[in-house]
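Student: The structure's right below; bear with me while I get my questions together.
Nothing in this text is a laboratory measurement; each read-out follows from the coordinates by a stated rule. Just so it is clear, the model here is predicted, and its values are computed rather than measured. Here the Cβ is made from the backbone with ideal geometry for all residues, glycine too, and neighbour counts use every protein chain on show.
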Amino acid sequence: MTKLSRSRLIEWQDPQLTAVKATQMNGLDFFRAWQTGEVPAPPIGVLLNFGLKEVADGRIVFTMLPEEYHFNPIGAVHGGVIATILDSAMSCAVHTKLPVGGGYTTLEIKVNYIRPITTQSGQLDCVGEVIHLGRRTATAGGKLVDAAGKLYAHGTATCIVFLPG
């Protein structure tokens, strides 16, 4: 007999610890500190079960394993989950290029859904890369791919940039 109900317990650390560290470090150092565990992961990554895989100047790679709790009513990963991980990778790629005290927020995001994602898709990487960084805005591109490089979704983001001083 199939068990109809399932449960999941999540725990996260105080997000203010991460937010404060983000203001005290340049973007690249901040993400390197997150990768080593010096800075706690933000709750959204814990909630949706995606983690930081790679960090470089202007580039971030998150990884996720699609699970049932990501599903929409038709049995595939909800588009909002896909948009969230793409937005995270693209905007965090922008963050890697910011100085101490710099900030950003997403102004616009565009996502193209190429194929459905299910638990059969396996582990996926979400790669975000900066296209342009200006004084007031930045653009980035992202793609969600499996281990063989098969594309599941891609997008672009525009961020407003807040530079110190």
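Student: Just give me the residues in the range 54-88 being more than 18 Å from GLY142 (Cα to Cα) and among the acidic types (Asp, Glu), in sequence order.
Tutor: Residues satisfying the conditions are GLU67, GLU68.
Student: Please specify each residue of the range 30-74 satisfying the condition of being more than 20 Å from LEU17 (Cα to Cα) and either in a helix (DSSP H, G or I) or touching a His at 6+ places or on another chain (Cβ under 6 Å) (or both).
Tutor: GLU68, TYR69, HIS70, ASN72
Student: So how many residues does the range 3-30 have that are closer than 30 Å to ASN72 by Cβ and hydrophobic (A, V, I, L, M, F, W, C)? Please lay out each step first, then the result.
Tutor: Step one: of the range 3-30, the residues closer than 30 Å to ASN72 by Cβ are 3-13, 15, 18.
From what is left, the residues that are hydrophobic (A, V, I, L, M, F, W, C) are 4, 9-10, 12.
Here the count works out to 4.
Student: If you take just the strands (runs of 3 or more DSSP E) that sit entirely in the range 79-165, which of them hold at least 2 residues that are surrounded by 14 or more Cβ atoms within 10 Å (Cβ to Cβ), polar (S, T, N, Q) and touching a Cys at 6+ places or on another chain (Cβ under 6 Å)? Before the answer, list the steps.
Tutor: Details: elements: 103-113, 124-133, 137-146, 151-162.
Hits in the range 79-165: none.
Student: Would you please list the contacts, defined by Cβ atoms under 7 Å and residues six or more apart or on different chains, that run from a residue in the range 1-27 that is in contact (Cβ under 8 Å) with a residue 40 or more places away in the chain and within 18 Å of LYS97 (Cα to Cα) to a residue that is part of a loop (DSSP other than H, G, I, E, B) and hydroxyl-bearing (Ser, Thr, Tyr)?
Tutor: Within 7 Å, the pairs are GLY27/THR96.
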